[in-house]
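Visitor: Take a look at this one; I'll ask things after.
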Amino acid sequence: MDKKSMKQAMAKGDAYGMMSRRTLLGTGLAGAAALGASALAGCAGNNSPAGSSAGASNEPELRKVTFALDWTPNTNHTGVYVAAERGYYKEAGLEVEIVQAPENGADALVAAGDAEFGVSFQDTMAAYVSSEDVLPVTAVAAIIQHNTSGIISLKEKGIDSPADMAGHTYATWEMPIEQGMIERCVENDGGTFDEVQMVPSTVTDEVSALQADQVDTIWIYWAWAGEKCKLAGLDTNYFAFSDIEPVFDYYTPVIIANNDVIEQDEKLVQAFIDATRRGYEDCISDPDAAAEILLKAAPELDSELVHASQAYLADQYQADAENWGAIDAARWDAFYEWVSEQGFAPQIEPGAGLDTRFI
C-alpha cells in the first residue's frame, strides 16, 4: 500500500485506524480467508485452563495471549492497556501481548491464528460473515455501546442536517456501505444524494482539512476527531448516524476472537473478557487515570486530546447497557439486514459473526 492510499484509509478517524478497515472492505477479505485456513498452531497445543498451576511451582502458569489493535493505540483501546497495567490479566492467568495489526487488519491476524483476540467493526465484518469463505472470527464484546460516528462540517457552511450535504463536497473512501449510509441519510432527510459532491478522501487531519476548505463534510468518530476539532476551537455542525437513522446504530468497534479459541477454550475467552471488562470499568470510573495509562503505553499521543477523548468515552463505553461489552443481538441483526437488503453483501443470517455468551 502506497502512502497516498494509507492516508486516504486513515481519514475516517485519524488515530482510529481506518487503513485496515478500508483494505478489508475493499477486498472482501479474500486473502484473509486463505489465512484463516490455518488453525491456531501456537495456541491449540496448549489447552490448559487459564491460571492453571505449573508443576511444583507456586506461581501460576500464565497463558500467553495476543491482542491485535486495529491500528495505532488510541482511546478505543484504553481498557486493554488498563487491564494489563493494573494486573487484571495476570490475576486471570493471562499474559497479554498487545500488537498493532498489519495492513490487512486485525481480522486477518485473528483469523490466521496469529492473535487470539483483536479489534474490528461490525461494518467491516459484513465483508466476510456472509461470504462463502467465512473467516473464523466472531465478535465477543462491544468496546463502545453505540455508534459515535457522524458527519462534521464548519458551521459557516450551513450544513445543519444530512439533506444540506447536497451541493457540498464529501470526503469519501468510495466504499459501498459507507456511501449507502450517506445516501440513506440524505434522501430520508429530503435531500438529493446525487447532488452530494463525492471527493476521494485525502484527509489526514480533520482540523486542517476543514480550515483549509479542502472538503466541506467529513465522516468522523467524535471521540477523537470531534474532540480534536473542539480543542482547536472550530465552530462546527455535527450529526451522528445513530441519531439520524436507528439502523445505523451498529457496533463499532468490537472485540473479536478466533473461532478455534472459542470452541476449544471457552474458559480462556471468558477470562480475557472478564479482565478486559475490569479495565474498561476503570476507564469509566476514572477517565483521567486511564488516560495516563494509555499515554504511558503510547507517549507519542497528544496528552490534551487523550484526556478529552477519554472523558467523552467514559459515558460511551457502557452507556445504557447493563454492563460493559454487551451486544444487543437485535440491533446487530438489524444493521446486517439493511446491508443485505441494499445488496452490499449476500444474505447475512441472524446472529452471524456474533457470540454473546461471554458478556
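The values are calculated or read from the model by the stated rules, or taken from the named source; none is laboratory data. Being a predicted model, the structure only gives us computed values, none of them experimental. When we count neighbours, we look across all protein chains shown, and the Cβ atoms used for this are built from the backbone with ideal geometry, even at glycine.
Visitor: I'm checking my understanding of the structure. Among residues of the stretch 160-198 that are surrounded by 18 or more Cβ atoms within 10 Å (Cβ to Cβ) and hydroxyl-bearing (Ser, Thr, Tyr), which one is farthest from residue 238 (Cα to Cα)?
Guide: If we take residues in the stretch 160-198 being surrounded by 18 or more Cβ atoms within 10 Å (Cβ to Cβ) and hydroxyl-bearing (Ser, Thr, Tyr), then 172 is farthest from residue 238 (Cα to Cα).
Visitor: While we're on this one: Which one is nearest to residue 287 (Cα to Cα) among residues in the stretch 82-112 that are in contact with a strand residue (DSSP E or B) (Cβ under 7 Å, 6 or more places away or on another chain) and part of a helix (DSSP H, G or I)? Lay out the reasoning, then the answer.
Guide: First, pick out the residues of the stretch 82-112 that are in contact with a strand residue (DSSP E or B) (Cβ under 7 Å, 6 or more places away or on another chain): 84, 89, 93-101, 106-107, 109-111.
Restricting the remaining residues to those that are part of a helix (DSSP H, G or I) gives 84, 89, 106-107, 109-111.
Details: 84: 16, 89: 20, 106: 26, 107: 28, 109: 30, 110: 29, 111: 32 Å.
Applying the filter and picking the extreme gives 84.
Visitor: Which condition number in (1) in a loop (DSSP other than H, G, I, E, B); (2) modelled with pLDDT of 95 or more; (3) closer than 22 Å to residue 70 by Cβ is the one that residue 293 fails?
Guide: Unmet condition: (1).
Visitor: Just name the residue that is farthest from residue 261 (Cα to Cα) out of those in the stretch 136-152 that are in a strand (DSSP E or B) and not hydrophobic (A, V, I, L, M, F, W, C). Reasoning before the result, please.
Guide: Taking the stretch 136-152 as the starting set, the residues that turn out to be in a strand (DSSP E or B) are 137-142, 149-152.
Still in the list and also not hydrophobic (A, V, I, L, M, F, W, C): 138, 149-150.
Numbers: 138: 10, 149: 31, 150: 34 Å.
It comes out as 150.
Visitor: I would also like to ask the following. Checking the condition within 19 Å of residue 119 (Cβ to Cβ) and either touching a residue at least 60 places away in the same chain (Cβ under 8 Å) or in contact with a Cys (Cβ under 7 Å, 6 or more places away or on another chain) (or both), which residue from 240, 271, 308 passes?
Guide: One residue alone meets the criteria, 271.
Visitor: Just one of (1) without any contact (Cβ under 8 Å) to a residue 40 or more places away in the chain; (2) in a loop (DSSP other than H, G, I, E, B); (3) closer than 30 Å to residue 63 by Cβ trips up residue 191, so point out which.
Guide: Tallying (1) without any contact (Cβ under 8 Å) to a residue 40 or more places away in the chain; (2) in a loop (DSSP other than H, G, I, E, B); (3) closer than 30 Å to residue 63 by Cβ, residue 191 fails exactly one: (3).
Visitor: Separate question: Within the stretch 236-264, count every residue that is part of a loop (DSSP other than H, G, I, E, B) and either touching a strand residue (DSSP E or B) at 6+ places or on another chain (Cβ under 7 Å) or crowded, with 23+ Cβ neighbours inside 10 Å (or both).
Guide: Qualifying residue count for the region: 4.
Visitor: Now for a separate question. Would you check if residue 167 is outside any helix (DSSP H, G or I), of a type in the set (Gly, Ala, Ser), over 20 Å from residue 316 (Cα atoms) and free of Cβ contacts under 8 Å to residues at least 12 places away in the same chain?
Guide: no
Visitor: Please go through the stretch 320-350 and give me each residue that is loosely packed, with under 14 Cβ neighbours inside 10 Å and among the small types (Gly, Ala, Ser), ordered by number.
Guide: Matches in the stretch 320-350: 329, 330, 343.
Visitor: Within the stretch 270-307, take every residue that is within 28 Å of residue 242 (Cβ to Cβ) and β-branched (Val, Ile, Thr) and give me the one that is surrounded by the most Cβ atoms within 10 Å (Cβ to Cβ).
Guide: 276
Visitor: While we're on this one: Any residue in the stretch 213-221 that is charged (D, E, K, R), modelled with pLDDT of 95 or more and out of contact with any helix residue (DSSP H, G or I) (no Cβ under 6 Å at 6 or more places or on another chain)?
Guide: yes
Visitor: Something else about it: Out of all the residues in the stretch 70-105, which are at pLDDT 95 or above and of a type in the set (A, V, I, L, M)?
Guide: 80, 82, 83, 84, 92, 94, 96, 98, 99, listed by residue number.
Visitor: Same structure again: So how many residues does the stretch 209-235 have that are at negative phi and either of a type in the set (Gly, Ala, Ser) or part of a loop (DSSP other than H, G, I, E, B) (or both)?
Guide: 11
Visitor: Continuing with the same structure: Pairs please, first residue from the stretch 62-73 and farther than 20 Å from residue 253 by Cα, second anywhere and surrounded by fewer than 19 Cβ atoms within 10 Å (Cβ to Cβ), Cβ atoms under 6 Å, 6+ apart in sequence or on different chains.
Guide: Qualifying pairs under 6 Å: 62/95; 64/95.
Visitor: Working only within the stretch 199-213, note down all residues that are buried (at least 18 other Cβ atoms within 10 Å of the Cβ) and touching a Ser or Thr at 6+ places or on another chain (Cβ under 8 Å).
Guide: Listed by number, the residues that qualify are 201, 210.
Visitor: While we're looking at this one, here's another question. Would you check if residue 183 is in a loop (DSSP other than H, G, I, E, B) and without any contact (Cβ under 8 Å) to a residue 40 or more places away in the chain?
Guide: Numbers: in a loop (DSSP other than H, G, I, E, B): no; without any contact (Cβ under 8 Å) to a residue 40 or more places away in the chain: yes.
It is false that residue 183 is in a loop (DSSP other than H, G, I, E, B) and without any contact (Cβ under 8 Å) to a residue 40 or more places away in the chain.
Visitor: Has the stretch 142-155 got at least one residue that is under 26 Å from residue 328 (Cα atoms) and touching a Gly at 6+ places or on another chain (Cβ under 7 Å)?
Guide: Looking only at the stretch 142-155, we keep the residues that are under 26 Å from residue 328 (Cα atoms), and these are 142-151.
Next cut, touching a Gly at 6+ places or on another chain (Cβ under 7 Å) only: 142.
Yes, that holds for at least one residue.
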